[in-house]
Each structure stands twice: as C-alpha cells, then as structure tokens.
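Have a look at the structure below before the remarks.
The values are calculated or read from the model by the stated rules, or taken from the named source; none is laboratory data. Please read these numbers as outputs of a predicted model, since none were measured by experiment. When we count neighbours, we look across all protein chains shown, and the Cβ atoms used for this are built from the backbone with ideal geometry, even at glycine. These accessible areas exclude ligands, DNA and RNA; they are computed on the full protein's heavy atoms, side chains included. Shrake-Rupley method; radii C 1.70, N 1.55, O 1.52, S 1.80 Å.
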There are 2 protein chains.
Amino acid sequence: MSNDDEDDLIFKALSHRVRRRLLDVLKVESMTTGALCALFPDLDRCTIMQHLSVLEEAGLIVVERRGRERWNHLDALPIHAIHERWIGPYAAYAASMLSRLNKALPEEVS
Amino acid sequence: MSNDDEDDLIFKALSHRVRRRLLDVLKVESMTTGALCALFPDLDRCTIMQHLSVLEEAGLIVVERRGRERWNHLDALPIHAIHERWIGPYAAYAASMLSRLNKALPEEVS
C-alpha cells in the first residue's frame, strides 16, 4: 500500500465525527468495545464496531483481544505524522504560540 | 459553524491526495495560483482552483490578492489543532521518539 493509500484511509477515518469522538474517548483511556458502546447509547453495537474497524484499518487504533473482550487503544503515530508533514519539529513551537494567541484574542478580532 | 462542522471541512479537504500535495508545496513556500498550476501540468487550472477553494474554506490556506495575482499561503493552525486534540503538548515528545524508533526499525520488525 502506498503512502497515498494509507493517508486516504487515515483522512477517511478522521472525516466522520463519531470516529473522531471515539478517538477522543480512547485518548483518555483504552476501553473495551462493550464500554465504548455504553458511552454511545444512540448508536447500535454494529455501527460502533464498523467505525472501530475503519479506525483500525487506518492504524489509528490498535485492537487487543483478551479472552472474550476487545480492548481498543489509541495509536497516535498517524496523527503525529500529519503534524510532521505540514509543521515539522522546527515550526512546532511557533505553531503552538500562534494557537495560544489565537485562543486568547477576542472572537471579533481573531 | 460548530467545531464538528469545521472539522468536517478540514478532514474532507485533507482526504484528497492532490490537495495534500498542494499543501506540501505551500509548506515550502507561498505561491501564486499560476505557479501552482505550472507544477501540476496534468490538472487544468479550473481543477486546481477548485481544490484551492476547498482548502481555503477549511482554513488550511490563506489567499491574498495582490493586483491580478492570487498568492496562496499555508495556514498550519488547523493541523496544529489536530495534534493538540489527540496528542497534546505533554505526549508530543513521546510520540516524536516513537515515530523515530518506528522509522529506524527494519520493515519486517516494525
């Protein structure tokens, strides 16, 4: 699979707000699929599992099977690679400062 | 526009490989639309302008008009926000180390 194909999978995975929300939850702590389903009561288990499968295929989560449980862990390396590609280590400090300045400015000015 | 709507625009914009390529070029230096078109001879000017418009709408580029020229500048703040959301300042160093380790490992082991 080329880098372009891998990137297609990553950005396709991140383009859905439910999948972004799943990553938000997994950033805080790794969770079983059952526990994730309980956090999203509006979605059925099958939908959640489909979203997790898209995230796994993109390398954004790592799934570990422990007995009958499926533990889902965030893998932040693809996110890090996005940052490296368009910001890189040297511009990271400037980007961080700009981001804080942007948040500190009143809405009408920023 | 909600944050979810803004994020939808950002990830939709990043989901196309030509648009990612345009950002790669603009990371190196800001360019006029004409100069960008010359770099992508397989695509017509209208297609390039449509891609630039999607990037501008997502806030990934800033377009500056100077006389008859349109100068396109990369705006890396949305990329920085992606990094902040799932990695954050405290995990950035660990992610950077892991990324280097991953690249240093032979393909069959990593």
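Couple of notes before you dig in:
- Test: residue in region A:17-36 that is within 19 Å of the chain's Cα centre (by Cα), part of a strand (DSSP E or B) and surrounded by fewer than 16 Cβ atoms within 10 Å (Cβ to Cβ): yes
- Residues that are open to solvent by less than 60 Å² (accessible area, probe 1.4 Å), within 11 Å of chain A (Cβ to nearest Cβ), outside any helix (DSSP H, G or I) and in contact with a Gly (Cβ under 8 Å, 6 or more places away or on another chain) are absent from region B:54-62 altogether.
- Inter-residue pairs, beta-carbon under 6 Å, first closer than 15 Å to B:LEU60 by Cβ and more than 7 Å from every other protein chain (Cβ to nearest Cβ) and in region B:1-14, second outside any helix (DSSP H, G or I) and not hydroxyl-bearing (Ser, Thr, Tyr), 6+ apart: B:LEU9/B:ALA58; B:ILE10/B:ALA58; B:ALA13/B:ALA58; B:ALA13/B:LEU60
- Failed criterion for B:GLU69 (all others in (1) within 24 Å of A:PHE11 (Cβ to Cβ); (2) touching a residue at least 12 places away in the same chain (Cβ under 8 Å); (3) open to solvent by 80 Å² or more (accessible area, probe 1.4 Å) hold): (1)
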